[in-house]
Amino acid sequence: MIIPKSPKLTDAQVKEIHSIVEDFACSIQVIEGAGQNVYAIVGDERHELMINRLEGLEYVDRVDTIQSPHKLLDIRSELKHHRVLFGGVELGKELLLIGGHCTVDPNEPNKFFETADALKDVGVQALRGGVWKPRTNPYSYQGDVKALDILMEASRRTGLPVNAEVMEEQHLDIALDAGVHMLQVGTRNALNYSLLRQIGKKISGRDTVVLLKRGRHLGPVNEFISAAEYIVNFGNPNVILCPRGTLPGLEGYRNHPDESITPLLKEKTWAPVVVDPSHSVGKSTYVEACSMAAVAYGADGLCIESNIDPMGGLGDDPKQAITPEAFGRLAKKCRAIWDLRRS
């Protein structure tokens with residue numbers, strides 16, 4: 001990884017670097033950080049002569065070599081200085097709270113608008129809403145693109161950014177064209193490397209954020225981080241890791257809660273961690289406890305399903321969504337833990 005002396009290299013300087021690394025069968029990927037660009041060497045970066053040539057350039061501060069399966073996400077990477085911003089929050093400095101319906105019902109837009117207003121009132125900084133739904137049963141409701149219009153209208157009305165899951169390239173194009181601020185990659189696509197690459201390519205040069213969920217079947221931590229590497233590798237480092245419970249499930253819970261991997265993730269990578277307690281436990285009465293545990297473990301935020309009328313909602317809302325009022329109570333407790341953790 002090449003760290004320049006200035007925040008950004010000129011086109012001529014990048015071209016010169018390219019010409020050097022190409023002699024060693026490598027290439028350069030520009031990673032645009034908030035205040036500093038870094039230039040990742042794609043390929044075997046251990047060539048001593050290549051490093052010597054690069055460090056001999058007057059505009060190069062140093063060349064860091066990181067022997068890790070996830071060089072860009074690694075905590076030793078220069079990207080450790082990158083800060084992810086979303087919903088007016090710099091992750092790591094304030095607790096990020098995302099809330100909304102599991103599934104946006106295109107037949108009841110006002111219910112989502114009312115939920116969005118109520119969540120904003122209790123301090124939620126971003127909205128979530130399922131447009132396309134990955135369902136186990138092929139006969140279950142799969143979503144409707146009309147829901148995206150409702151989601152974006154709620155964003156316009158509240159001024160809050162939105163999170164929407166994409167499952168294929170067509171969804172990705174539609175979501176980006178609509179102005180979705182955060183793309184969610186669900187647990188079933190956590191290792192869909194083709195989709196991860198497409199997301200990385202299409203958000204390059206944008207301020208779009210990606211919330212990447214952990215794979216369902218006890219996905220190894222290094223595998224989880226390396227999946228994020230596929231996205232960051234194309235130049236946009238705005239990636240958030242999201243533990244959301246794994247299989248096999250723990251009796252009484254929907255999944256096996258995994259918020260406890262947060263310290264391990266933070267030891268290995270600079271990426272923020274936002275936990276999804278709703279899918280982790282799968283029952284509304286357990287969401288508050290799981291949320292507080294997640295913050296105590298070091299989570300930078302929470303993504304929680306919430307609905308003004310959970311029993312009348314689609315998808316998972318009847319069993320695991322909490323009301324905005326309950327979200328407000330949860331938020332106070334979690335922010336108190338956040339303050340205690342940082343004191």
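The values are calculated or read from the model by the stated rules, or taken from the named source; none is laboratory data. Since the structure is predicted, the reported quantities are computational estimates derived from the model, not experimental observations. A quick note on method: Cβ atoms are made from the backbone with ideal geometry, for glycine too, and the neighbour counts reach across all protein chains shown. Surface areas here come from the heavy atoms of the whole protein model, side chains and all, with no ligands, DNA or RNA. Shrake-Rupley method; radii C 1.70, N 1.55, O 1.52, S 1.80 Å.
Taking the options 246, 269, 262, name whichever one is more than 18 Å from residue 72 (Cα to Cα), out of contact with any Phe, Trp or Tyr (no Cβ under 9 Å at 6 or more places or on another chain) and open to solvent by less than 30 Å² (accessible area, probe 1.4 Å).
Numbers: 269 fails: more than 18 Å from residue 72 (Cα to Cα); 262 fails: out of contact with any Phe, Trp or Tyr (no Cβ under 9 Å at 6 or more places or on another chain).
Residue meeting the stated conditions: 246.
I need a count of the residues in segment 51-77 that are in a loop (DSSP other than H, G, I, E, B) and either of a type outside the set (A, V, I, L, M, F, W, C) or closer than 14 Å to residue 21 by Cα (or both).
So the answer is 13.
So which pairs qualify, if the first residue must be in segment 5-30 and at negative phi, the second must be of a type in the set (Asp, Glu) and open to solvent by less than 40 Å² (accessible area, probe 1.4 Å), the Cβ gap must be under 9 Å, and the two must be at least 6 apart or on different chains?
Listed pairs, sorted by first residue: 21/45; 24/45; 26/45.
Of the residues 23, 61, which is acidic (Asp, Glu) and either closer than 28 Å to residue 304 by Cα or in contact with a strand residue (DSSP E or B) (Cβ under 6 Å, 6 or more places away or on another chain) (or both)?
Matching residue, one of 23, 61: 61.
For segment 262-343, which helices (runs of 4 or more DSSP H) that fit wholly inside it have 2 or more residues that are within 16 Å of the chain's Cα centre (by Cα) and touching a residue at least 12 places away in the same chain (Cβ under 8 Å)? First the steps, then the outcome.
Details: elements: 262-268, 277-281, 284-297, 317-320, 324-342.
Here the list reads 262-268, 277-281.
Here is a list: 80, 15, 8. Which entry is touching a strand residue (DSSP E or B) at 6+ places or on another chain (Cβ under 7 Å), of a type in the set (Lys, Arg) and either outside any strand (DSSP E or B) or open to solvent by less than 80 Å² (accessible area, probe 1.4 Å) (or both)?
Working: 80 fails: touching a strand residue (DSSP E or B) at 6+ places or on another chain (Cβ under 7 Å); 15 fails: touching a strand residue (DSSP E or B) at 6+ places or on another chain (Cβ under 7 Å).
Testing whether each residue is touching a strand residue (DSSP E or B) at 6+ places or on another chain (Cβ under 7 Å), of a type in the set (Lys, Arg) and either outside any strand (DSSP E or B) or open to solvent by less than 80 Å² (accessible area, probe 1.4 Å) (or both) leaves just 8.
Look through 282, 252 and report the one residue that is at positive phi and either buried (at least 19 other Cβ atoms within 10 Å of the Cβ) or in contact with an Asp or Glu (Cβ under 9 Å, 6 or more places away or on another chain) (or both). Walk me through how you get there before you give the answer.
Details: 252 fails: either buried (at least 19 other Cβ atoms within 10 Å of the Cβ) or in contact with an Asp or Glu (Cβ under 9 Å, 6 or more places away or on another chain) (or both).
It is 282.
Mind telling me which of the residues 216, 197 ends up being over 12 Å from the mean Cα position of the chain (by Cα), among the charged types (D, E, K, R) and within 23 Å of residue 75 (Cα to Cα)?
On the way: 216 fails: within 23 Å of residue 75 (Cα to Cα).
Selected residue: 197, the only one of 216, 197 that is over 12 Å from the mean Cα position of the chain (by Cα), among the charged types (D, E, K, R) and within 23 Å of residue 75 (Cα to Cα).
For residue 71, state whether it is more than 21 Å from residue 231 (Cβ to Cβ), open to solvent by 40 Å² or more (accessible area, probe 1.4 Å) and basic (Lys, Arg).
On the way: more than 21 Å from residue 231 (Cβ to Cβ): no; open to solvent by 40 Å² or more (accessible area, probe 1.4 Å): yes; basic (Lys, Arg): yes.
No: the conditions fail for residue 71.
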